[in-house]
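Each value in this text was obtained by applying a stated rule to the coordinates, not by laboratory testing. What you see is a predicted model, and the numbers here were worked out from it, not measured in a lab. A quick note on method: Cβ atoms are made from the backbone with ideal geometry, for glycine too, and the neighbour counts reach across all protein chains shown.
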Amino acid sequence: MARVSVQLTNFTAGELSPRLDGRNDLSKYPSGCKTLENFIVYPHGSAARRSGTQFISEVKTSANKTRLIPFEFSTTQTYILEFGNQYIRIYKDKGQVQSGGSAVEIATPYLTAELFDIKFAQSADVMYIVHPNHATRKLSRTSHINWTLTTCNFTNGPFQDTNTSTTTLTPSATTGSVTITASANTFVSTDVDRLVRIGDGIAKITGFTSATEVNATTSTDFANTNASTNFSLGAFSTTTGFPSTVTFFEQRLVFAGTINQPQTIFFSKSGDYENMDANIGGTISDSDAIIYTIASNQVNAIRFMTATRTLIIGTAGGEFSVSGGGADVAITPTNILIKKQSNHGAANLDALAVGNVTLFMQRARRKMRELAYNFDVDGYIAPDMTILAEHITEGGITQMAYQQEPNQIIWLVRGDGELIGFTYQREQQVTAWHRHIFGGKFGEATITVTDFANIADNTKIVLTKSDGTSTTFNSATSATSGKFHTTSSNNQTATNLKTLIDADSNFTATVSTNTVTIKETTPQSTGFLTITTGDTTRLASTDEGKAICESVAVIPTDDTEYEVYIIMKRTINGSTKRYIEVLNTFDFTETDNTTFNFLDSQLDYNGSATTTISGLSHLEGQTVSILADGATHADKVVSSGSITLDRSSTKVKVGLSYTSLLQTMRIDAGARDGTSQSKTKRIYEITIRLFESVGVEVGPDLNNLERIPFRSSANAMDQGITPFTGDKEVEFRGNYETDGFVFVRQTQPLPLTILSLYPRLVTNDG
């Protein structure tokens, strides 16, 4: 037997893939975690419990999926935009912008299904918004409450290639309202509002008569009324599609990716963003608009554009850099140079420009790649940033946002509703993934039983607990022991099901009408109770408590802080609700325990001493956790929008609890003949080094956690505890085993920052 002490001094590798459980030879293995849930990794190496979320507002229509988009005039004048089904609402300083007591709202053409395909670019008080199904819009802010959304009126381009056939166009007049006649079928009904150029004259189509005749209004007079083969039609239209992505680069507004021209890039004139005049047929100047089509073996639609040291283009088939022939050479119509840099292919998702690096999701939305210039190869390389944590993006990524301060974190929304964090400091080689599951009813779900007579014999109901283990229940059309009875004469099927589930010590059940609410006896923090049935119609199930993150956006609030806004989909009192919430920040120098914010969908009370806290209708029927005057308080259930405290308090925080869980990789310690991996061992003691923390549990598994005491006899039970910095020693209650994990958990609405872990273990060298 050998006694060994191990040092785990940082967590900068973040959560590692289960496939790396056996790779203790990796340099990142000791600084990685098997589970890192509701912890944020800081560049210094510590793992700190994430702060909770502050409730801001319910979205306009909770039944519909909604998206958040940032609007940044400056670092101090920033807004969050709520994009819903054909509307925009506006938020600032953690509140909704209102005028005359009503929300400021702007009508839009964007339907719910189109919201996450919107892309945008902003300059000062103007945001350009693109979607392939809609003409480019311009969102303008003239004051805090005055906003307008208008259609961009490109009067002089861009145009498709000039006609090369024998077809001619003939205008009926040179100016004003004209009729344009084609010598062959040229027009379609969706050409209304499309531009048409004949020679140097330009008009906009206002009416469709036939395939050979349209009405139009001139913006630049035609030279004459002669028939001409020298014509072209507008590149942006309902017929051809509109741009799918947009950005600013070198004082130009850049569009790309229409349906008809998926590989074409459209640059505005320099310094004149809505002027798309490419000066066709004239003398080309450096400031003229540019139209350029990427040449490649396949037609791969442009998915994103980012402005770094060059213009970076991501297509479905590869990544390109666009320059004027060098990083310091401005792009002109005569020197534009496009080089392919990699062949990975990008998802239809906006990329992020972080410094001189572009972070983008590969086509399947599973791999995040870092496109960065490499001097050794004199070009760009795109390593996979998820290579050590490929599981972290399971289900695909739907949105990304970048929080620059106080720490560089990429926030990603996963398809299943988890919020993923990626601490990213390239210069310090910190690349740490962490997962965030938001507060709600862990271990609770419902089954609604209907049409009893037609529930087939031996229909299965599978309850999968929050720890991943499953239990199966079966139906029977005749009274059978161990099954729930279903017949047309049996109106107590729901009750029978409750009785059967109650008989299992892992669950408890209640019945209201035909709805059976099932709760785990001991829910874990690592998942939710889920139900699958063999009859989804007559045994409809719902994950009652699971909170789903659907959108994320980040805005700066001053020179030191960025705010992270999210949209949470929650089941509240049996109804679907979508809430706008913002991640609170935690000041690590703050010792006032009444300021702690470690509850989700939280609301605060600060006033005279009271036992009644109201204004909680957004959490109606929910079991909420409470911090009263800096001390934890017994949970309460919200009824009629309020709760009653057990003691009078002046500063109260109310919200949904969540669990922060850190599980190390298998402890790798030296032994007489090499590693302790796979050998029988027992961790008998551990020192945990903390910073400004209150409350923590440590142990060898979730069933054997030791709560470390922080409160002494000098601390009154109704008062908070000053955060602790230093070492705490814990005796482990585990037995001999081969794994050797360390679990650290926080369930209370209190801060926890882990600086390092020092486990001591006995290893069997035999």
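Quick notes
- Once both labels are positioned 7 Å from their Cα atoms along Cα-to-Cβ, the gap between Ala634 and Ser617 label points is 2.9 nm.
- Within the shell of other residues whose beta carbon sits under 14 angstrom from the beta carbon of Asn506, the net charge comes to -3, with Lys and Arg scored +1 and Asp and Glu -1.
- Rounded if a/c under 1.5, otherwise prolate or oblate - the stretch 89-129, Cα gyration tensor axes: oblate
- Annotation: lysines with alpha-carbon distance below 25 angstrom to Lys519 (same-chain offsets under eight excluded): Lys441, Lys460, Lys465, Lys483, Lys498, Lys546, Lys569, Lys577, Lys636.
- Options (1) 31.7; (2) 31.0; (3) 29.6 - which one matches Kirkwood radius over Cα pairs in Å as calculated here: (3)
- CD proxy at 222 nm, helix term only [per DSSP H run n ≥ 4: -39500 (n - 2.57); per residue of the chain; nearest 500]: -500 deg cm²/dmol
- Karplus-derived 3J(HN,Hα), 6.51/-1.76/1.60, for each residue of the stretch 419-424, Hz, glycine and proline x: 9, 9, x, 9, 6, 9
- Taken one residue at a time, the phi angles of the stretch 152-167 give Karplus couplings (6.51, -1.76, 1.60, θ = phi - 60°) of 5, 9, 7, 8, 9, x, x, 10, 6, 4, 5, 3, 10, 8, 8, 5 Hz. Gly and Pro are set to x.
- Here the gap between Gln86 and Val762, fully extended at 0.36 nm per residue and compared with their Cα-Cα distance, gives a gain of 237.0 nm.
- Per-residue ³J(HN,Hα) for the stretch 591-605, Karplus 6.51 cos²θ - 1.76 cosθ + 1.60, θ = phi - 60°, Hz, x for Gly and Pro: 10, 6, 5, 7, 9, 5, 10, 10, 9, 9, 6, 7, 10, 10, 10
- Amide H contacts of Thr53 (H built 1.01 Å from N, under 5 Å, at least 5 apart or other chain): Asn584, Leu599, Asp600, Ser601, Gln602
- Beta bridges per DSSP with both ends in the chain, % antiparallel, nearest 5: 95
- Packing rank of 102-109, 87-94, where each peptide gets the mean count of other beta carbons within 10 Å, highest leading: 87-94, 102-109
- Gyration tensor verdict on the stretch 1-113 (Cα atoms; rounded if a/c is under 1.5, prolate if a/b is larger than b/c, oblate otherwise): prolate
- With a simple spin-label model that places each label point 7 Å from the Cα along the Cα-to-Cβ direction, the separation between Glu394 and Ser481 comes to 3.9 nm.
- The chain - charge dipole about Cα centre, Lys and Arg +1 at Cβ, Asp and Glu -1, debye rounded to 20: 1100
- Electrostatic tally near Leu616: other residues with Cβ closer than 15 Å to its Cβ, Lys and Arg +1, Asp and Glu -1, net -2.
- Dividing the C-alpha radius of gyration of the stretch 184-279 by 2.2 N^0.38 Å, with N its residue count, gives 1.16.
- Percentage of interatomic Cα-Cα distances in the stretch 444-542 larger than 17 Å: 44
- Spin-label model, Ser102/Glu405: points 7 Å from Cα along the beta carbon direction are separated by 3.8 nm.
- Other residues whose C-beta falls under 15 angstrom from the C-beta of Glu685 contribute a net charge of +3, scoring Lys and Arg +1 and Asp and Glu -1.
- Taking a point 7 Å out from the Cα of Leu337 in the direction of its Cβ, none of the residues of the stretch 244-284 has a backbone N less than 17 Å from it.
- Length gained on full extension, Thr595 to Thr220: 128.6 nm, using 0.36 nm per residue less the C-alpha separation.
- Crossing angle, helix 493-502 versus the chain [Cα axis fit, 0-90 degrees, rounded to tens]: 60
- Distances between placed amide hydrogens fall under 5 Å for Ser342 paired with Glu319, all partners being 5 or more residues away or on another chain.
- Under 20 Å from the Thr536 label point (7 Å along Cα→beta-carbon), backbone N, the stretch 408-433: 415-418
- Packing rank of 718-729, 603-614, 574-585, where each peptide gets the mean count of other beta carbons within 10 Å, highest leading: 574-585, 718-729, 603-614
- Positive end of the dipole of the chain (Cβ unit charges, origin at the Cα centre): among Thr532, Val196, Gln77, the Cα lying farthest that way belongs to Thr532.
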